[in-house]
Amino acid sequence: MAAREQFGSRLGFILAAAGSAVGIGNMVGFPVAATKNGGGAFLILYAVFIVLICLPVMLAEMSVGRNSRKDPLNAYSTLTNGQAHWKIAGWLSIITPFMIAVFYLVITVWIFGYLYQSIIGNLDMLADPATFGNFVQSSDLFIYMVGVLAVVYLILQGGVKQGIEKAAKVMMPALFIMLTGLVIFVLTLDNAFAGVQYYLIPDFSKINASVVSAALSQAFFSLSLGMGIMITYGSYLDSKSDVPGSAKFVAFADTMVAFIAGLLILPAVFSFNPNTNTENLSDSSVGMIFTFLPKIFLALQASIGYVGASIVASLFFLLVFFAAITSLVSIFEVPVSALMESKKIGRKKALGIMGLLLIVTSVVASMSFGIWDVATNFTAYAGQTKSLFDVIIDVFYDTILPLNGLLICLFVIYRWKKENFNAELDKGAPKYEGTFFEKYVDLSVGTFIPAILFLVFINTVALKYFGEALIG
Ligand code: PHE
């Protein structure tokens, strides 16, 4: 049997994992959430969650991957000799990324469409408030979907080193340069600093139970946890690599990008309207990207002309597109790698089979916005009509994600055992051994992190499906 594929260098692994972590959530989700929920106060809370909760979970995932050298499905069964109930955790870690890939693909397709339209000079059309509603119902979507899938396929067929790692090495530095360039540009606009102030000045009075829970979910999603990604990427590491060091770096880079994205979004919003208040900010990332921002970009034509404004818009959509592609690649690699391992088939064949499944599911899910009535009015619970797309988000993103996090924590400490977990992390990182952080990780992963994730899980179930909040 062929040896397992591996990343070519530590930097390659870090960039690929950071590429997964840096996504649409960083570019718009984080800035909007921070601004609405107490600015600097939210930032502090978020940073605390990254370090004290998410980083330990990331270590748990990466170490399971590297030790077993398997995708999550086979990792759980290898490390437990096929114990049936842990197989459920393995299956959840394959189905979740597949379904999240579906919703993430749909949004990436929209971004690709907006990127294309701003490049060909249609920014004025994108800024029209009616455009988005029509766009998500148009059959053009399927053409853009072919484009996005082709990019993902091209990257993944190259494998770990020649595909995932290479793409991350090109896209991540490009993303960082575009982001920095755009931030410098928006900071020169009138009233930009009012936006910076609004973003950063802490308002502790806004912090309540639901803000705390939103900050935790955002942090967890942003580090790509609970989706089997860090298990899979970890499985492509050799035993000499420093897992704790790399994980810290990935968490740091992800947080920095989210923070810097706020320095792009908020000044842009305030230069457009210095009297913006948080109520006017759109609630969702989707509203922000596809209706709010195009309007702001178009308004730039007064100072830099239509072509200038279109260039700014195109750069922004390209930036978000790169962020989305590296995330999409990472999440789709999980089921692909599971299929390769389980059926002992080659990468291209596994990609073909999973790709077909993804296309069918995504085409159906993308019809949730009016194209097909069955998908649009799919079901109803807790007094709300839900589209198929909504159901995918509610079930997999909101509900199962924290459950997967909970399961990996319990698995590592109580089934695989702390000694094996620590021994795995110490390999390649002798300085980690015996540190305070190591003790903290063991303690937290075995006690309060799963407890918190459990609370998030049951609260979500109560809220989403029964319309009853237990907390918040
Ligand atoms: N970390 C990504 C983000 O912030 C989330 C994600 C990763 C989603 C991988 C899908 C796949 O947007």
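The values are calculated or read from the model by the stated rules, or taken from the named source; none is laboratory data. Please read these numbers as outputs of a predicted model, since none were measured by experiment. Positions of Cβ are generated from backbone atoms using ideal geometry, with glycine treated the same way; all protein chains shown enter the neighbour counts. Only protein heavy atoms, including side chains, enter the accessible area calculation; ligands, DNA and RNA are left aside. Shrake-Rupley method; radii C 1.70, N 1.55, O 1.52, S 1.80 Å.
Okay, here's what the table says:
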read-out: Matching residues in segment 439-456 - criterion: being buried (at least 19 other Cβ atoms within 10 Å of the Cβ) and more than 14 Å from C409 (Cα to Cα); value: V456
read-out: Matching residues, segment 71-90, being open to solvent by less than 10 Å² (accessible area, probe 1.4 Å) and either among the hydrophobic types (A, V, I, L, M, F, W, C) or free of Cβ contacts under 8 Å to residues at least 12 places away in the same chain (or both); value: A75, A89
read-out: Criterion (surrounded by fewer than 21 Cβ atoms within 10 Å (Cβ to Cβ) and either closer than 23 Å to S387 by Cα or away from the ligand (no atom under 16 Å from the Cβ) (or both)) met by exactly one of I111, I143; value: I143
read-out: Odd one out for A423 among (1) part of a helix (DSSP H, G or I); (2) in contact (Cβ under 8 Å) with a residue 12 or more places away in the chain; value: (2)
read-out: Given (1) within 28 Å of T108 (Cβ to Cβ); (2) assigned to a helix (DSSP H, G or I); (3) polar (S, T, N, Q), number of the condition S303 does not satisfy; value: (1)
read-out: Pair list, Cβ under 6 Å, 6 or more apart: segment 268-290 residue over 16 Å from V109 (Cα atoms) and modelled with pLDDT under 80, other residue of a type in the set (D, E, K, R) and open to solvent by 20 Å² or more (accessible area, probe 1.4 Å); value: T278/K36
read-out: Cross-chain or 6+ apart pairs with Cβ under 8 Å, segment 182-205 first and farther than 21 Å from F297 by Cα, then open to solvent by 70 Å² or more (accessible area, probe 1.4 Å); value: P202/I44
read-out: Answer from M58, M62, M99 - the residue that is crowded, with 24+ Cβ neighbours inside 10 Å, more than 24 Å from A261 (Cα to Cα) and either within 16 Å of the ligand (Cβ to nearest atom) or among the small types (G, A, S) (or both); value: M62
read-out: Flag if L105 is open to solvent by 10 Å² or more (accessible area, probe 1.4 Å), hydrophobic (A, V, I, L, M, F, W, C) and under 22 Å from the mean Cα position of the chain (by Cα); value: no
read-out: Failed criterion for S68 (all others in (1) within 16 Å of the ligand (Cβ to nearest atom); (2) open to solvent by less than 30 Å² (accessible area, probe 1.4 Å) hold); value: (1)
read-out: Leading residue by the ranking (nearest to L403 (Cα to Cα)) among those in segment 415-430 that are modelled with pLDDT of 95 or more and surrounded by fewer than 14 Cβ atoms within 10 Å (Cβ to Cβ); value: K417
read-out: Where G383 falls short, out of the listed (1) of a type outside the set (S, T, Y); (2) surrounded by fewer than 19 Cβ atoms within 10 Å (Cβ to Cβ); (3) on the phi < 0 side of the Ramachandran plot; value: (3)
read-out: Search result, residues across segment 318-373 that are open to solvent by less than 10 Å² (accessible area, probe 1.4 Å) and either without any contact (Cβ under 8 Å) to a residue 24 or more places away in the chain or more than 15 Å from the ligand (Cβ to nearest atom) (or both); value: A338, A350, L351, S366, S368
read-out: Residue that is most open to solvent (accessible area, probe 1.4 Å), among those in segment 22-55 that are of a type in the set (S, T, N, Q) and away from the ligand (no atom under 12 Å from the Cβ); value: N37
read-out: Of residues in segment 209-247 being open to solvent by 10 Å² or more (accessible area, probe 1.4 Å) and among the polar types (S, T, N, Q), the one farthest from the ligand (Cβ to nearest atom); value: S239
read-out: Pick from segment 258-301, criterion within 15 Å of the ligand (Cβ to nearest atom) and open to solvent by 20 Å² or more (accessible area, probe 1.4 Å), ranking: nearest to L187 (Cα to Cα); value: I260
read-out: Selection within segment 333-366 - at pLDDT 95 or above, within 24 Å of the chain's Cα centre (by Cα) and among the hydroxyl-bearing types (S, T, Y); value: S337, T361, S362
